[in-house]
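Every number here is computed from the coordinates shown, using simple stated rules; none is lab data. All of these numbers come straight from a predicted model, not from anything done at the bench. Reconstructed Cβ throughout: ideal geometry from the backbone, glycine too, with neighbour counts over all protein chains shown.
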Amino acid sequence: MKNPALAALIPLVLLAGCGRTEKVADMPSQEELANAANAAAANAIANAQADEVENRNYVNQTRGFSVTFPEGWTIDKDASNADGAVYQDPGAGADVRVFWQKNDNDQTLQQIVEAVSSGAEGVDGDFIGENEYRGTANDGEGNNVALRLLKQADGSIVTATFVYPEMLSEQYQGIAEQALASLRAFAPKAEAAASAPAANAAAPAAKKPAN
């Protein structure tokens with residue numbers, strides 16, 4: 001896509017390069033041309049960065065959560081589905097998995113964490129209120145696991161795990177913390193749509209103007 005600022009700059013450059021006889025005072029100075037070029041370049045970089053962030057933002061309206069994946073990582077389409085997504089670091093064997101799970105047995109977050117702990121080693125973490133847990137573990141295969149669980153209003157669970165090689169802890173620990181911190185839960189699309197008519201019905205009717 002052509003950058004608007006860059007497109008505006010092209011006529012100026014062409015005009016400066018041709019042999020017209022306009023007065024010098026009417027021509028843009030070298031400084032003005034340089035400033036316009038710098039502004040166009042800065043705008044192009046800003047747009048590219050915005051597009052990149054947009055591509056890294058995963059929003060699941062149906063299940064009610066969003067997360068921002070690390071820069072340069074790619075989605076594993078085969079492992080992703082309507083309930084969540086998996087992103088991978090192409091070169092290091094690390095991945096982030098964020099999925100929604102139905103909580104049929106209406107388990108507490110504590111019970112779910114206990115179940116997770118039974119399948120991993122060295123699980124350590126903290127509960128943040130009744131509806132959030134953050135912790136770390138080891139999968140027993142040489143990988144560290146950073147974990148975050150969010151319990152939604154309907155009792156369902158959003159589980160985010162960041163798995164990376166233990167020997168690369170120094171490189172990945174900060175990235176894992178940043179990725180999991182970006183996880184947000186919100187009202188699922190169906191729930192939000194259902195609550196809108198109820199809110200409208202509860203609103204007081206507007207008074208008719210007096211004749």
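The table below lists the values:
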quantity	calculated
Kirkwood-based Rg to Rh ratio, region 57-190, C-alpha trace	0.94
Full-extension gain in nm, Glu71 to Glu121, via 0.36 nm per residue minus C-alpha separation	15.1 nm
Sequence ranges 144-155, 82-93, ranked by mean other-Cβ count within 10 angstrom, highest first	144-155, 82-93
Kirkwood Rh and Cα Rg combined as Rg over Rh, evaluated for region 83-124	1.07
Over region 57-190, relative contact order from alpha-carbon pairs under 8 Å, at least 6 apart, %	27 percent
For region 133-186, the fraction of alpha-carbon pairs in successive 10 Å shells from zero, as %	24, 49, 22, 5
